[in-house]
Ligand code: 13P
């Protein structure tokens, strides 16, 4: 059985004061849900604070991006080796905001996933279609193209150590989540594609859903056979909501 994983993506939000309250509330509650793995991915300047406040708690932490390079003349970039030094467990790679706003290509996303893995962390690789692509009936084609780039970059052995996140772009920050059936259909497609590489791998790999995930819809989404948790944006900034989503993960896990 795959262990449910719930990851908060703070995006570019936070302050030392707000983070301290949020982390205290989350870490004290997370112990109630031992069957769910939880993590928060914070902006770089807060990683030291996050590490300090989460060390010794069940909540893991990570970053939202990494350079594909380990060191060198790359002004403004952050190396995966540095993230490892901060004790990051996870790094989000290929989030749609990075693909769209920072022109990250499938090949670059693949290179970043390789860099994160080879520095001892787990990449959470995001895939997902725009509204136009969905309405044109191209969802499967787009997600398969993005996934195939990851498969090509990593190969079967390394692939077993990644987490995939399906985040339909039209559902991100819009309040309009994919329905459980819509999400399940794409998750099943992703797992099927992975099974083409290795059936055992496809069975074990965790595929998270992201996009307007809230306490009110998490239970139905997590009940789907191929949805193994969530990548949570806005609701991860509200302790009670994030904890309620973790709780939904625990219910799905024990169902
Ligand atoms: P929202 O949960 O705010 O829609 O964001 C989803 C997301 O992009 C998480 O990475």
Original post:
Taking the chain on its own, what percent of its Cα-Cα pair distances exceed 28 Å?
Top reply: 27
**OP:** Could you sort 104-111, 10-17, 167-174 so that the peptide with the highest average Cβ count within 10 Å comes first and the rest follow in order?
**Re:** 167-174, 104-111, 10-17
**OP:** Would you mind telling me which residue in 237, 159, 189 has the biggest mean-square fluctuation in a Gaussian network model of the chain, where springs connect alpha carbons within a distance under 10 angstrom?
**Re:** 189
**OP:** Return the Cα extents of the range 106-230 along principal axes one, two and three, sorted largest first, each rounded to a whole Å.
**Re:** 36, 28, 25
Subject >> Inter-part distance where the range 78-118 and the range 4-34 are each reduced to a Cα centre, Å >> reply: 21
**OP:** Have a look at 67, 179, 79 and tell me which one the Gaussian network model of the chain (Cα, springs below 10 Å) gives the largest fluctuation.
**Re:** 179
Original post:
How large is the helix-only mean residue ellipticity at 222 nm for the chain, computed as the sum of -39500 (n - 2.57) over DSSP H runs with n ≥ 4, divided by its residue count, in deg cm²/dmol to the nearest 500?
Top reply: -14000 deg cm²/dmol
Original post:
Given the convex hull of the Cα atoms of the range 170-238, what is a quarter of its surface area in nm²?
Top reply: 4.6
**OP:** Please state, as a whole number in µm²/s, the translational diffusion coefficient that the Stokes-Einstein equation yields for the range 74-115 at 20 °C and 1.002 mPa s, with Rh defined as the Kirkwood radius across alpha carbon pairs.
**Re:** 192
**OP:** Starting with the fewest neighbours, write out 166, 74, 90, 46 ranked by other beta-carbon atoms found within 10 Å of each beta-carbon.
**Re:** 74, 46, 90, 166
**OP:** Calculate the radius of gyration of the Cα atoms of the range 198-243 to one decimal place, then report Dmax, the largest Cα-Cα distance, as a whole number, both in Å.
**Re:** 12.2, 39
Subject >> Alpha-carbon Rg with Dmax, taken over the range 1-105, Å >> reply: 14.5, 45
Original post:
Per q in 0.14, 0.18, 0.21 1/Å, what log10 I(q)/I(0) does a Debye calculation on the alpha-carbon atoms of the range 149-195 return?
Top reply: -0.44, -0.66, -0.80
Subject >> For the range 27-172, average projected area of the Cα convex hull in nm² >> reply: 9.8
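Each reported figure results from applying straightforward, stated rules to the coordinates on display, with no laboratory input. The shown structure was predicted, so the numbers you read here are calculated from the model rather than taken from an experiment. Glycine gets a Cβ as well: all are built from the backbone with ideal geometry, and neighbour counts include every protein chain shown.
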